[in-house]
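Notes to accompany the following structure.
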Amino acid sequence: MKGLSSIVQDALKSKRKIHFLPPYRHDTMIQIMDLLGIHPNQQKESASLELIKAVVKMRSTKEPQEIEAIERACDVGYKMHTKAMRLIRPGVTEKFVGGQVDGMANSYSSKVSFATIFSQHGEIMHGNPSMALLESGRLTICDAGCELDDYCSDNTRTMPVNGKFDQRQREIYSIVEACHDYALDVAKPGVKWYDVHMNVCRLMTDKLKELGLMKGDTEEAVQAGAHAMFLPHGLGHMMGLDVHDMEALDQKYVGFDDEVQPSDQFGTNCLRMGRRLQENFVMTDEPGIYFIPALIDDWKASGHCKEFINFDLLETYKDFGGIRIEDDILITKDGCRFLGKERIPYHPDDVEKYMAENKEY
């Protein structure tokens, strides 16, 4: 039986086209260089667009057994996040809670699907757990998931350290909650995810205007990208064998197509998915609002979007942190549904109730 090297050499001699995907593992890069003589810094450009598109088409729509595997991973995700809710209280460290969350993944699945984010600095998109003590009055973000039977889960919850949202926290949380639920209401086959994202940005802008943090015409504010002060990332991404499914194949092929192209505007350029939804797509729904001191200072100093942002009031939120709510959803024949048997509490009253009734010491 011929080995791979012999097969490839025979194909090259016959001047047949060799198709390969853009590699992201260094050992694969070396193997491709040995087989084809293509240097690693040229392999992404030399990868087969035909094969990329074929893989994207195959993996985007999940088969029943794949959905079942993702559901099982989401069930472990429920255990991970409710574990955090039971442990959060003033005086414990971020590292302790984050470690316990990881332990649930290790106990019930193969591993975490990405490095667990657990931090009181929710304004940092990917804040690793530190040795800092949890402080009463602050919020914590837990963004975590597991990999089970090669498929992933990915959820985020935001919780008050002392178990109770104060008025300001609840006001911002309710906006994120409304944006999260809006996506659930409108996501269905044929809808462009880009449109869902932009409508979430409009909804968020309207509600931030009610609090006085934003001002002016909503449509003009969103077109100018003013909403990215508060939401500098996309609404969600595909999920499957990878937590950001097929990310190595380039998001412009995975999440976009000839109809919907990526944006180069700050914030919207981080949207990983914009094309029309199809039945059996698996997506994350993850709006957030963040108060990033360095970004506030930068935009204020330059006057960027000053006609849409109340910088004087925004200054008083520099100590707020951030809020994100994320769930995994399956696009169904006429809508969408949550994945996983049990719902991780996310409505603010439910979060407070769960934390009060299930403390673990």
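When segment 187-221 is examined, which residues are found to be open to solvent by less than 40 Å² (accessible area, probe 1.4 Å) and aliphatic (A, V, I, L, M)?
Residues satisfying the conditions are 187, 191, 196, 198, 200, 204, 208, 213, 214, 221.
Report every pair of residues separated by at least 6 positions or lying on different chains whose Cβ atoms are under 7 Å apart, first residue within segment 101-121 and in contact (Cβ under 8 Å) with a residue 60 or more places away in the chain, second open to solvent by less than 70 Å² (accessible area, probe 1.4 Å) and among the β-branched types (Val, Ile, Thr).
113/243; 114/243; 120/140
Got a number for residues in segment 222-232 being in contact (Cβ under 8 Å) with a residue 60 or more places away in the chain and either buried (at least 20 other Cβ atoms within 10 Å of the Cβ) or among the aromatic types (Phe, Trp, Tyr) (or both)?
Selection size over segment 222-232: 3.
Tell me, which helices (runs of 4 or more DSSP H) wholly within segment 1-120 include 1 or more residues that are touching a strand residue (DSSP E or B) at 6+ places or on another chain (Cβ under 9 Å), of a type in the set (A, V, I, L, M) and at negative phi?
Values: elements: 4-13, 26-36, 40-46, 49-60, 64-87, 94-108.
Hits in segment 1-120: 64-87, 94-108.
Mind listing just one residue for me: the one in segment 116-132 that is more than 17 Å from residue 233 (Cβ to Cβ) and touching a Ser or Thr at 6+ places or on another chain (Cβ under 6 Å) and, of those, surrounded by the most Cβ atoms within 10 Å (Cβ to Cβ)?
Let us first name the residues in segment 116-132 that are more than 17 Å from residue 233 (Cβ to Cβ), namely 116, 118, 120, 128-132.
Those still in the list that are touching a Ser or Thr at 6+ places or on another chain (Cβ under 6 Å) too: 120, 131.
On the way: 120: 21, 131: 8.
My answer is 120.
What are the residues in segment 44-69 that are loosely packed, with under 12 Cβ neighbours inside 10 Å and of a type in the set (S, T, N, Q), if any?
Scanning segment 44-69 gives a single hit, 65.
Kindly provide the set of residues from segment 249-292 that are touching a Pro at 6+ places or on another chain (Cβ under 6 Å) and not aromatic (Phe, Trp, Tyr), ordered by number. Before you say what the answer is, go through the steps one by one.
So the first thing to find is which residues in segment 249-292 are touching a Pro at 6+ places or on another chain (Cβ under 6 Å), and the list is 252, 256, 267, 277-279.
Within segment 249-292, 252, 267, 277, 278, 279 qualify.
Given (1) of a type outside the set (Gly, Ala, Ser); (2) within 16 Å of the chain's Cα centre (by Cα); (3) assigned to a helix (DSSP H, G or I), where does residue 175 come up short, assuming only one miss?
(2)
Tell me, please, whether a residue that is under 22 Å from residue 45 (Cα atoms) and hydroxyl-bearing (Ser, Thr, Tyr) can be found in segment 297-305.
If we filter segment 297-305 for residues that are under 22 Å from residue 45 (Cα atoms), which is where we start, we get none.
The answer is no; no qualifying residue exists.
Take the residues in segment 327-358 that are touching a Gly at 6+ places or on another chain (Cβ under 9 Å) and under 19 Å from residue 86 (Cα atoms); name whichever of them is surrounded by the fewest Cβ atoms within 10 Å (Cβ to Cβ).
356
Of the numbered conditions (1) under 24 Å from residue 266 (Cα atoms); (2) over 22 Å from the mean Cα position of the chain (by Cα); (3) buried (at least 18 other Cβ atoms within 10 Å of the Cβ), residue 161 satisfies every one except a single condition; which is it?
(1)
Just give me the residues in segment 4-43 being closer than 22 Å to residue 252 by Cβ and surrounded by 14 or more Cβ atoms within 10 Å (Cβ to Cβ), in sequence order.
20, 21, 22, 23, 28, 29, 32, 38, 43 - these are the residues of segment 4-43 that are closer than 22 Å to residue 252 by Cβ and surrounded by 14 or more Cβ atoms within 10 Å (Cβ to Cβ).
Taking the options 140, 156, name whichever one is in a strand (DSSP E or B) and either under 16 Å from the mean Cα position of the chain (by Cα) or not β-branched (Val, Ile, Thr) (or both).
Values: 140 fails: either under 16 Å from the mean Cα position of the chain (by Cα) or not β-branched (Val, Ile, Thr) (or both).
Step by step, each of 140, 156 is checked, and only 156 is in a strand (DSSP E or B) and either under 16 Å from the mean Cα position of the chain (by Cα) or not β-branched (Val, Ile, Thr) (or both).
When residues of segment 18-68 are filtered for being touching a residue at least 40 places away in the same chain (Cβ under 8 Å) and aromatic (Phe, Trp, Tyr), how many remain?
1
Among the residues of segment 33-56, is there at least one that is closer than 28 Å to residue 157 by Cα and either among the aliphatic types (A, V, I, L, M) or at pLDDT 95 or above (or both)?
no
If residue 221 satisfies every condition in (1) small (Gly, Ala, Ser); (2) closer than 30 Å to residue 132 by Cβ; (3) over 21 Å from the mean Cα position of the chain (by Cα); (4) assigned to a helix (DSSP H, G or I) but one, which is the exception?
(2)
The values are calculated or read from the model by the stated rules, or taken from the named source; none is laboratory data. Bear in mind that the values here come from a model prediction, so they are computed numbers and not experimental data. For neighbour counting, all protein chains shown are included, and Cβ atoms are generated from backbone atoms with ideal geometry for every residue, glycine included. Accessible surface is based on the protein model in full, side chains and every heavy atom, while ligands, DNA and RNA are left aside. Shrake-Rupley method; radii C 1.70, N 1.55, O 1.52, S 1.80 Å.
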